[in-house]
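Right, one structure below, let's go through it.
The values are calculated or read from the model by the stated rules, or taken from the named source; none is laboratory data. The shown structure was predicted, so the numbers you read here are calculated from the model rather than taken from an experiment. Note: ideal-geometry Cβ built from the backbone for every residue, glycine included; neighbour counts use all protein chains shown.
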């Protein structure tokens, strides 16, 4: 797995108020190559999850894109989890969910593209 932190220095913070209604903060630095967007943090009896999408703004297919998220309850870190999005062709958006089992008290998450190939 290659790290593209200089190219994809992208972190999106997502928080929620009471329950599952949330908001997404804008990313600090979006790139035209790969753009990460996130949904709200949702909890259920199994834990917490967040929907993530990556748009391929390049001219080549991306075979694998890695997205990692850290989940929080207030300022307390609950854990990290990740997903791999496969085969995102140019101009298309790939989507998935990142789930943290047992994170039933999560109310926000930070997510970033950690690499691709």
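Among the residues of the range 65-117, those that are closer than 15 Å to residue 40 by Cβ and outside any strand (DSSP E or B) comprise 103, 106, 107.
Scanning the range 21-58 for residues that are loosely packed, with under 15 Cβ neighbours inside 10 Å and modelled with pLDDT under 95 yields 21, 23, 25, 26, 28, 29, 32. If you scan the range 33-57, which residues turn out to be touching a residue at least 60 places away in the same chain (Cβ under 8 Å) and not in a strand (DSSP E or B)? None - no residue of the range 33-57 is touching a residue at least 60 places away in the same chain (Cβ under 8 Å) and not in a strand (DSSP E or B), so the list stays empty.
Remark: pairs (first residue in the range 58-75, free of Cβ contacts under 8 Å to residues at least 40 places away in the same chain and on the phi > 0 side of the Ramachandran plot; second residue in a loop (DSSP other than H, G, I, E, B) and surrounded by 15 or more Cβ atoms within 10 Å (Cβ to Cβ); Cβ separation under 7 Å; 6+ apart in sequence or on different chains) = 74/107.
Here residue 81 clears all of (1) within 15 Å of the chain's Cα centre (by Cα); (2) touching a residue at least 24 places away in the same chain (Cβ under 8 Å) except the condition numbered (2).
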